[in-house]
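In what follows, a single structure is set out as C-alpha cells and then discussed.
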Amino acid sequence: MKGVLKSLLFAILLVASIATRAQDVALDPVTLHKPMEMVDTVQQHYMLLNEAYIIPSDDIYPTWSNSVVHYNSAMPDSFRIDLRNYVMPTSNTKITDIFGYRPNRRRVHQGLDIKVQTGDTIYAAFDGKVRVTSYQRRGYGHYIVIRHNNGIETLYAHLSKKLVKANQNVKAGDPIGLGGNTGRSSGSHLHFETILMGKSLDPALMFDFKNQSMTGEHYMYRKPGSKYIENGKVKIAGPEKKYHKVKSGDTIEKIARKYGVSQKRIFELNGLKSNSIIRPGQTLRYQ
C-alpha cells in the first residue's frame, strides 16, 4: 500500500512540475524565441544547400545560360575534377571516333563518338542540373548539356529523344535521353563531350568506355605552359595530347609532315619502332 501511495505522490509532483515549466515557457518570450531561432537556422541551412545545388559550380562560371554551349571564359592554370560517384552515360563500349583534329573534315572533333542503337537509354554521368536542351539540324541534332557539381559540363548529342528539360536537377544515372542519329550524323551513335569552363577536354582522359570505368578518382587539368610543383620540383605542363586516326595510305612520314612533327617523336609517343607497321583505324598520338 505504501508503494502505491508513493508512486501516486510521485506522479502528482511530476505533473505539477510539467505544468509549472509550461507556464514559465508561456510567460517567457525569450524561451519561446530560442526554439524559433533554431527552426529558422535549420530552414536557412537547407535553403542555402538548395541554392548551391540549383546552380552547380556557380563560383567558377560567369553565368547560367539555357542557350550557350561553349562559354568563352579564361581557363585556370589548374583545376581538380572529382570523378567519383559517376555513372557511365552508356553501357556500350565501342568508340567509333576519337577526340581531336579531323584532317579529312578540316575541323576539330570535340568529343568521343560511342556506338549506340537508336532508342538505347543515355544516362547522366554525375549529379547536376540540365542547362541546355535543344536541337541543331546541321550539328548536334537533339542534344543536352548538364552542368555538374564537380565543375565540368557534359554534352550528349544526336539523340532521338530528350527525357529532361532545362533547369531540371538530375542525379548520376538518371535517364536523360535516347540514342539516335539526328543532326549531322552518319549513323546511330552518342556524341559525348566533357567541357570545363567552355573548353572541350578529351573525354578519354576521364571516361574509360571500354572498361566501363573512370581513369581515376580525380583528373587534374593543367593549362599548357603553366607551372606547378610535383614532388618538390617545379614543372611545366606540356601541350595537350593530340591524336591521328590512321587511314588507308597513311605512313609515319606522311602523318609527321601533316602535323609538322618529327617521325621520331611519333615513334616515341606511341612506343613504335622504325619498322613498325601501322594499320587503318589505328590511333596514333602525334603531340
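Net charge near residue 93, counting Lys/Arg +1 and Asp/Glu -1 over other residues with Cβ under 12 Å of its Cβ?
Working: positive: 94, 115, 210; negative: 208.
Combined, the nearby Lys, Arg, Asp and Glu give +2.
When a/c is below 1.5 the answer is rounded, else prolate if a/b is larger than b/c, else oblate, so apply that to segment 116-213 with a ≥ b ≥ c taken from the square roots of the Cα gyration tensor eigenvalues. Walk me through the numbers on the way to the answer.
Numbers: a/c = 1.39, a/b = 1.21, b/c = 1.14.
Rounded shape, in that the Cα axes give a/c under 1.5.
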Point to revise | Pairwise label distance in nanometres, residue 264 with residue 166, each label 7 Å out on the Cα-Cβ vector | key: 5.4
Point to revise | For segment 197-207, Karplus couplings with θ = phi - 60° (6.51, -1.76, 1.60), whole Hz, Gly/Pro x | key: 6, x, 9, 6, 10, 5, x, 5, 6, 10, 9
Check your understanding: Taking amide hydrogens as modeled 1.01 Å from N in the peptide plane, which residues meet the under 5 Å criterion relative to residue 131, leaving out close sequence neighbours?
Key -> 145, 146, 147, 167
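Can you sort 174, 202 from fewest to most other Cβ atoms within 10 Å of each residue's own Cβ?
Working: 174 17, 202 20.
Fewest-to-most ranking of 174, 202: 174, 202.
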Check your understanding: Near the amide H of residue 181, under 5 Å away, which other amide H atoms are found, from residues 5 or more places off or on another chain, if H is placed in the peptide plane?
Key -> 160
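Determine, for each peptide in 134-142, 112-120, the mean count of other beta carbons within 10 angstrom over its residues, then list the peptides with the highest first.
On the way: 134-142: 15.7, 112-120: 19.2.
Highest-to-lowest ranking by the protection proxy: 112-120, 134-142.
Net charge near residue 217, counting Lys/Arg +1 and Asp/Glu -1 over other residues with Cβ under 14 Å of its Cβ?
Numbers: positive: 80, 84; negative: 82, 208.
So the environment of residue 217 carries a net charge of 0.
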Check your understanding: Residues with amide H under 5 Å of residue 78's amide H, sequence separation 5 or more or different chain, H placed in the peptide plane at 1.01 Å from N; which?
Key -> 223
Point to revise | Relative exposure of 70, 109, judged by other C-beta atoms within 10 Å (fewest first) | key: 70, 109
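For segment 78-236, give the magnitude of the charge dipole about the Cα centre (Cβ charges: +1 Lys/Arg, -1 Asp/Glu; no others), in debye to the nearest 20. It would help to have the intermediate numbers written out before the result.
Values: 25 positive and 12 negative charges, 132 e Å.
Here segment 78-236 has a charge dipole of around 640 debye.
Just so you know, all these numbers are worked out from the coordinates, no wet-lab data involved. Predicted, not measured: the structure shown is a model, and the values here were computed from it. Don't worry about glycine lacking a Cβ; one is built from the backbone with ideal geometry, like all the others, and counts go over all protein chains shown.
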